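Peer 1: Below you will find the structure I want to go over with you.
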Amino acid sequence: MSELDQLRQEAEQLKSQIRDARKAANDTTLASVAANLEPIGRIQMRTRRTLRGHLAKIYAMHWASDSRNLVSASQDGKLIVWDSYTTNKVHAIPLRSSWVMTCAYAPSGSFVACGGLDNICSIYSLKTREGNVRVSRELPGHTGYLSCCRFLDDNQIVTSSGDMTCALWDIETGQQVSAFTGHTGDVMSLSLSPDFRTFISGACDASAKLWDIRDGQCKQTFPGHESDINAVAFFPSGNAFATGSDDATCRLFDIRADQELAMYSHDNIICGITSVAFSKSGRLLFAGYDDFNCNVWDSMRQERAGVLAGHDNRVSCLGVTEDGMAVCTGSWDSFLKIWN
Amino acid sequence: MHSVPQGRKLVESLRSERDMPRQLVSQATTDLIKYTEDHTPDDVFVKGFASDKLNPFRPKSSFQCAAL
C-alpha cells in the first residue's frame, strides 16, 4: 500500500473514532433538557427605522461597537456608514470594485473593511486628518473571492475566502500572519469568539471548523449539515455556535461537547439561510432566509418564536447590536431595516 | 487528500481532534440553558423595554410637541 493510501485509511479510521467519541458524550438531548423551560411567548418586533440609499442589492452589514453606527455594502459599488438613530448617512464610500460581498467595522470605530470578487480585503480609514475617507491598505493574497472579514483590532483582521482558506493579516505590513487551511470547499462565513482567541468558519464542504487564531491550527471540525454553510455566529457565552445552510436548516453546535445539539427547521421552510445572529442572552436566534423573511427561533426549545417580515427580496445579512437593543436586516431589495 | 504532506497534516490534525476531552451533552446543555436564564432579564427582545424611553429606537412620533 502506498503511503498516501495508508494515510487515507488512517484518516478514515480517525474520523470513525471521532464519531464514536462524540456518541459516548451524547448522553441526552437539548430537547429533553429544555422541555421544562418556560416558553418565551410570541416575539413581536417592529421596524423602527428603514435605511434607504443603496441602489442595488445589499450583500453585507456590520454594526459598530457603539451599537449606533453600522456599515453596509451593496453591489451598487458603495459602502455606506449609517447613523441608525437618525438614519443619516455618515459616509458614502465609492468602491474600486463593485462586486463586494462583505464588510466589517473595526471595534475602535476608526476603520471599515470590505472585499468580494476582487479577492482583496480593502481597509478604509474613517478618521483621516483631512476629514475624508480613503483606502489605507489593500490586502491581496487570497486566490478566491473574499466572503467575510472581521477586525480583531485596528491592525489585525481575519478573512475567509472562496479559495477554501481563512487568513489572519497584519494590516500595517499588508502580510498574511497565518493561513487557516483544511476546508475542502469555499469558506463562506466566519465568527470571532467573544474572547478573540478563536473563530468559527463555515464552508461549502458542509462543515464548520474551530480555529485557534494564534497557532493557526484547526481545533475541531463539525460535520452535520447536508449542504453549504452560509453563515455562522457564536453563542454569547463562547461555548457554542449556530450555523445557517442551503439545506434549509440552522443548527446549534457545542464546542466542549464537540457536536451538534439542535436543529432549527420546519417542513414548510425549504429555502436556504443566508445569515444568523443571537440575541444578547442567546435565547433567541435570528436567521435570514432566501424567502424574504427573517425567522426568530427559541434556541433552547427549538421552536419558531416570531417572524420579521417586511423585505421584498432575500434577506442577505443581519446583525444584533453589541448592547442587544436592536437587530438590523439587509436585503436584496436595497433596504436595511432596524427592528426591536 | 492529494499529496503525502497534505495527508500527514490531515492525519495529525484528526489525531488531535480525536484526543480532545469532550464534555457530556447533559453538562453542555445545562450550561447553555443557565446562560440564557441568567441573561434573559437583560434581553430586550424577550422582556421588552421597561419604558419606551429606554428604547434608543423608540418611535419618533413619541417625541411630543405642544402647539402653543
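Peer 1: Under the condition of being at the interface with another protein chain (Cβ under 7 Å from one of its Cβ atoms) and under 28 Å from the mean Cα position of the chain (by Cα), which residue from the stretch A:1-21 is nearest to B:R58 (Cα to Cα)?
Peer 2: A:I18
Peer 1: So is A:V276 of a type in the set (V, I, T), more than 8 Å from chain B (Cβ to nearest Cβ) and more than 22 Å from A:G41 (Cα to Cα) or not?
Peer 2: No; evaluated as a whole, the condition is false for this residue.
Peer 1: Could you tell me which of the residues A:G282, A:G324 is closer than 24 Å to A:D66 by Cα and surrounded by fewer than 23 Cβ atoms within 10 Å (Cβ to Cβ)?
Peer 2: A:G324
Peer 1: Same structure, new question: Taking the condition assigned to a loop (DSSP other than H, G, I, E, B) and surrounded by fewer than 16 Cβ atoms within 10 Å (Cβ to Cβ), does B:P41 pass?
Peer 2: Considered against the rule, which asks whether it is assigned to a loop (DSSP other than H, G, I, E, B) and surrounded by fewer than 16 Cβ atoms within 10 Å (Cβ to Cβ), B:P41 comes out as no.
Peer 1: Step by step: first the residues of the stretch A:207-232, then only those that are among the hydrophobic types (A, V, I, L, M, F, W, C) and in contact (Cβ under 8 Å) with a residue 40 or more places away in the chain, then the one that is surrounded by the most Cβ atoms within 10 Å (Cβ to Cβ). Which residue is that?
Peer 2: Out of the qualifying residues, it is A:I229.
Peer 1: Quick check: anything in the stretch B:1-24 at pLDDT below 95, assigned to a loop (DSSP other than H, G, I, E, B), touching a helix residue (DSSP H, G or I) at 6+ places or on another chain (Cβ under 6 Å) and at the interface with another protein chain (Cβ under 7 Å from one of its Cβ atoms)?
Peer 2: For the stretch B:1-24, residues at pLDDT below 95, assigned to a loop (DSSP other than H, G, I, E, B), touching a helix residue (DSSP H, G or I) at 6+ places or on another chain (Cβ under 6 Å) and at the interface with another protein chain (Cβ under 7 Å from one of its Cβ atoms): present.
Peer 1: Which fully enclosed strands (runs of 3 or more DSSP E) of the stretch A:64-151 have 1 or more residues being under 21 Å from A:G319 (Cα atoms) and touching a Gly at 6+ places or on another chain (Cβ under 7 Å)?
Peer 2: Of the strands (runs of 3 or more DSSP E) lying wholly inside the stretch A:64-151, those with at least 1 residues that are under 21 Å from A:G319 (Cα atoms) and touching a Gly at 6+ places or on another chain (Cβ under 7 Å) span A:69-74, A:78-83, A:88-94, A:100-105, A:121-125.
Peer 1: Among the numbered criteria (1) surrounded by 14 or more Cβ atoms within 10 Å (Cβ to Cβ); (2) in contact (Cβ under 8 Å) with a residue 60 or more places away in the chain, which single criterion is violated by A:L14?
Peer 2: Looking at each condition in turn, A:L14 falls short on (2).
Peer 1: Just give me the residues in the stretch A:288-318 being buried (at least 21 other Cβ atoms within 10 Å of the Cβ) and either among the hydroxyl-bearing types (S, T, Y) or within 14 Å of chain B (Cβ to nearest Cβ) (or both), in sequence order.
Peer 2: Residues satisfying the conditions are A:Y289, A:C294, A:N295, A:V296, A:W297, A:D298, A:S299, A:M300, A:A305, A:L308, A:S316, A:L318.
The values are calculated or read from the model by the stated rules, or taken from the named source; none is laboratory data. Not measured: the values here are computed from a predicted model. Please note: Cβ atoms are built from the backbone with ideal geometry, for glycine as well, and neighbour counts cover all protein chains shown.
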